[in-house]
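Here the structure comes first, spelled out in structure tokens, and everything after it is commentary.
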Amino acid sequence: MLCPRGTLSICGLLSFRRQDQRECQMKRETMRILTISGLAALGMSGTAAAQSACGDSYTIRPGDTLYEVSQRCRVGLTRIYQLNSGIEARNLAIGQEIRLTGNAGGGRQPDRYRVKSGDTAFSIAQTLGVSLIELLRANEDMNPLRLMVGDVLDVPGIDRTPAFRVRPREGAPGSDVRIRAHELRPGDWVTIGVGPSSANWYPLEDVQVSDTGRVATKVEVPAWADPGDVLTFVIDTDRGVTLRSNDFQVIDRAGAGDGRVALEGRIREGAECFTLRTPDGELYAVVSTDIPFTDGEYVEVEGRFADVSFCQQGRGTVQVTSLREVRPRRN
């Protein structure tokens, strides 16, 4: 395009604007190539270059826990477990050295996956730690029955809504509390904690998420809790998510001994009454005046131990006041 010399015409402005746009486009493309190259270099070198706030390792001191080391050194708890195979959070020794950097075969999950011989859509989903539905949604053109070696698939981002609950909802210091959660990242390590609020809590134990994205464990109401306290249980992940429970009421031991109970397990029809067998193998008879039981159903129940009952099975008879069907516990 020709423009009159010596004048800053509309034509000239348009020319400058086009030139600026081309330069900006070239800069963006250059940055993209540099970024890809940088990521590739990081991928080739593994995670050896990753640094922690405490250096390459940390030496355990009196009173340390792995969660505190994770927070102090700014290294994810899952990463610490990956780097220190066989480490036991409950048996840390003073002077024990904990690796904080290095290559543990982990690292950043890639954005693409190249199909290999023998792969199926299901096996790829398992390898990536996602569901088959998530994989299919991220690859709408993929035919899961006709995968070809060399096909490149998009790796779906993790967009789950974790669910978390505790049972029972009240208890005395030292009593057991059942923790259940699902839709977590398979294989991750998470920290179970409790405190006055989700912003002020203390770690209780570390648990590894099952290959189905679930956590099922038991913890105790802390001894420092007083009757009347309202506590919050939390599950803290390495992925910027802290799950919180509903309010948990601390009661005194006298109140805890009034027969209230919360159980989970599978319902079976017994000789005299329906029974419930817990995942730990304990057997209870269950009765109710208004709640029906279904043979084979896996449920959570709440109620009270009956003072008198004609049922003669298990450790006692529970007069059920609430029941809901849940998924069986899978670790």
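Values as computed for the structure displayed
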item: T232, sole failed condition from (1) out of contact with any helix residue (DSSP H, G or I) (no Cβ under 7 Å at 6 or more places or on another chain); (2) part of a strand (DSSP E or B); (3) within 23 Å of D280 (Cα to Cα); result: (3)
item: From E272, E282, E302, residue being buried (at least 16 other Cβ atoms within 10 Å of the Cβ) and not assigned by TED's automatic domain parsing to the domain that holds I179; result: E302
item: Residue in the range 212-229 that is of a type in the set (K, R) and under 25 Å from S322 (Cβ atoms) present; result: yes
item: Some residue of the range 140-149 being modelled with pLDDT under 90, under 20 Å from the mean Cα position of the chain (by Cα) and outside any strand (DSSP E or B); result: no
item: Residue check, A225 more than 18 Å from the chain's Cα centre (by Cα), assigned by TED's automatic domain parsing to the domain that holds P173 and without any contact (Cβ under 8 Å) to a residue 12 or more places away in the chain; result: no
item: Some residue of the range 95-102 being over 26 Å from the mean Cα position of the chain (by Cα), among the charged types (D, E, K, R), at pLDDT 85 or above and not assigned by TED's automatic domain parsing to the domain that holds V234; result: yes
item: Identity of the residue in the range 67-81, of a type in the set (S, T, Y) and in contact with a helix residue (DSSP H, G or I) (Cβ under 7 Å, 6 or more places away or on another chain), that ends up nearest to G55 (Cα to Cα); result: S70
item: Matching residues in the range 305-325 - criterion: being surrounded by fewer than 15 Cβ atoms within 10 Å (Cβ to Cβ) and closer than 23 Å to R178 by Cα; result: R315, T321, S322, R324, E325
item: Identity of the residue in the range 205-260, among the aliphatic types (A, V, I, L, M) and touching an Asp or Glu at 6+ places or on another chain (Cβ under 7 Å), that ends up modelled with the lowest pLDDT; result: I251
item: Test: residue in the range 210-222 that is touching a Gly at 6+ places or on another chain (Cβ under 6 Å), outside the structural domain of E300 (by TED's automatic domain parsing) and in contact (Cβ under 8 Å) with a residue 40 or more places away in the chain; result: yes
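The values are calculated or read from the model by the stated rules, or taken from the named source; none is laboratory data. Since the model is a prediction, treat every value here as computed from it, not as a measurement. We place every Cβ from the backbone using ideal geometry, glycine too, and count neighbours over all the protein chains shown.
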